[in-house]
Amino acid sequence: MSAERVASSGPVAIVGAGSWGTALAIHLGHRGAAARLWARDADLAREIARRGENARYLPGVPIPPRVITTADAATALRSAPIVVLAVPSQYARATLLPLLAHLEEDTVIVSATKGMEPERGLRMSELLAELAPRHPVAVLSGPSFAREVALGRPTALVAASRSLEVARKTQRALAGPTLRIYTNTDVLGVELAGALKNVIAIAAGLSDSLALGENARAALVTRGLAEMARLGVALGASARTFAGLAGLGDLVLTATGSLSRNRMLGLAVGQGRSLREAEAATPMVAEGVRTVSAALRLAREAAVPMPICAAVSAVLFEGVPVADALAGLLAREPRPEEEVDVSRA
């Protein structure tokens, strides 16, 4: 479908009333835009509308009156030229399928999900192309804690689409005084970076659980970035993308920030909690848990080594002690650093 036919005005619909979807709706509301927030849970939608706040996912942050919260798909999606999908990757297919009938013909679907479909390892743009092949697709990624976006703190993201015009329309629809959005056409690189950084953030939490220090964390983040870029380039992405907001920017935030659910999950597991206990401790999903298996499957197919991701998988799913996993990483044969130069395409 021609990108020029994509409408650029009208309400923005946000599918998913978790922390990220709610934060985007709040941002749009403060910007004066018409925003509709769709919640699968009708009780949650009513509670948000009644309280003017999403106490379950973003407690203490008021939602502007311009934001309409509803569990009715027709109300949320009617005449919306932009629909943002902000649900965990494991629920994306089941969430989107019953909503497709309510989309306008030229609606742009924007994935704000940083993960891969667990069953087949599909990136969200691949899943959207399969489920809604007639709709233009974009992805939104970059260093962004939902609470900070909701509070209006300065944030920079990237909107990526194979069509630069679609990326620009997404940029215009979502950007605001406190949310700067850049465009990119490397959808593959942006999505891989956004998904893989969650796995490295879990590794950072595991490292922090052993009190190994900031030197160790810096080394882990740096080598994690090289690992992410190595797989991305092997699959056809641009190395430069991994040095940008979706790669380095998001990795630094997620691997070091106190609000990072993936880092906190790694920290909890490293301190002795089971994976189930760590996941149950928060209503929000740590995407890295589901992403690591998909990442390793892609790595095997591309014959690309991903030792940090393999170590995370061993700890989460095979019961390998964190200290043993770290020892395995340190015991690897010495190698040159310049395998992938993330500063060059």
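If R0 equals 22 Å, the separation of the Cβ atoms of LEU131 and LEU235 corresponds to a calculated FRET efficiency of about 0.50. Subtracting the Cα-Cα distance of ALA331 and ASP43 from 0.36 nm times their residue separation leaves 98.5 nm of extension gain.
In region 246-345, taking the dipole from charged Cβ atoms about the Cα centre, the farthest positive-side position among ALA278, VAL322, THR256 is held by ALA278. Taken about its Cα centre, region 209-345 carries a charge dipole of roughly 180 debye when the Cβ of each Lys and Arg holds +1 and the Cβ of each Asp and Glu holds -1. Run the dipole for the chain about the Cα centre, Lys and Arg Cβ at +1, Asp and Glu Cβ at -1, nothing else charged, and hand back the magnitude in debye, nearest 20. The dipole of the chain has a size of about 740 debye. Length gained on full extension, ALA219 to GLU277, computed as 0.36 nm times the residue gap minus the Cα-Cα distance: 18.0 nm. Put a plus charge on the Cβ of each Lys and Arg, a minus charge on the Cβ of each Asp and Glu, and nothing anywhere else: the dipole of region 9-185 about its Cα centre is then about 460 debye.
Which one, SER207, GLY194, THR183, is farthest towards the positive end of the dipole of the chain when Lys and Arg carry +1 and Asp and Glu -1 on their Cβ? So the residue we want is THR183. Between ARG172 and SER79, the contour length at 0.36 nm per residue exceeds the Cα-Cα span by 31.7 nm. Spin-label pair LEU97-ALA226: with each label point 7 Å from Cα along the Cα-Cβ axis, the two points sit 4.3 nm from one another. Considering only ALA167, LEU122, ALA94, and ranking their Cα positions along the charge dipole of the chain that arises from unit charges at the beta-carbon of Lys, Arg, Asp and Glu, the one farthest toward the positive end is ALA167. Of the trypsin sites (Lys or Arg not before Pro) found in region 101-134, the ones in coil according to DSSP and having at most 12 other Cβ atoms within 10 Å of their Cβ are ARG120, ARG134.
Quick note: the coordinates plus some simple rules give every number you see, no bench work behind them. From a predicted model like this one, the values you see are computed outputs, not experimental measurements. Positions of Cβ are generated from backbone atoms using ideal geometry, with glycine treated the same way; all protein chains shown enter the neighbour counts.
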